[in-house]
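**Q** Before we start, here is the structure in question, set down as structure tokens.
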Amino acid sequence: MKKLLDKLRAVPHLFAKCMVLWCVACGTAASAWSLRILSHTGHDPAALLGGILAFFGGELLLMCLKTVLGEKKNPPD
């Protein structure tokens, strides 16, 4: 268990990588579900899909801005 924890801690930006995978997976699932709604009922789910994808895109944008605009840590000399 300790080795696994050490390996996970050694991965740089693990949270960001997991968050990107989560947002892409949820966006893909929402897109597939909206296509299912369209094919079964004929109703256009574009507004619902737009809101869902905007939420996950906003999460990714905030994470990107946090990284880009964050203060850089200078290594000690």
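The values are calculated or read from the model by the stated rules, or taken from the named source; none is laboratory data. The shown structure was predicted, so the numbers you read here are calculated from the model rather than taken from an experiment. Note that we place each Cβ from the backbone using ideal geometry, even for glycine, and neighbour counts take in every protein chain shown. The accessibility values were calculated without ligands, DNA or RNA, using every heavy atom of the protein model including side chains. Shrake-Rupley method; radii C 1.70, N 1.55, O 1.52, S 1.80 Å.
**Q** All but one of (1) open to solvent by 90 Å² or more (accessible area, probe 1.4 Å); (2) under 16 Å from the mean Cα position of the chain (by Cα) hold for ASP44; state the number of the condition that does not hold.
**A** It is condition (2) that ASP44 fails.
**Q** In the set LEU4, LEU8, LEU65, which member is surrounded by 10 or more Cβ atoms within 10 Å (Cβ to Cβ) and of a type outside the set (S, T, N, Q)? Give the derivation first.
**A** Numbers: LEU4 fails: surrounded by 10 or more Cβ atoms within 10 Å (Cβ to Cβ); LEU8 fails: surrounded by 10 or more Cβ atoms within 10 Å (Cβ to Cβ).
That would be LEU65, the only listed residue that is surrounded by 10 or more Cβ atoms within 10 Å (Cβ to Cβ) and of a type outside the set (S, T, N, Q).
**Q** Quick one: how many residues across segment 53-77 are β-branched (Val, Ile, Thr) and at pLDDT 95 or above?
**A** Taking segment 53-77 first, the residues β-branched (Val, Ile, Thr) are 67-68.
Next cut, at pLDDT 95 or above only: none.
Going through segment 53-77 one residue at a time, the tally reaches 0.
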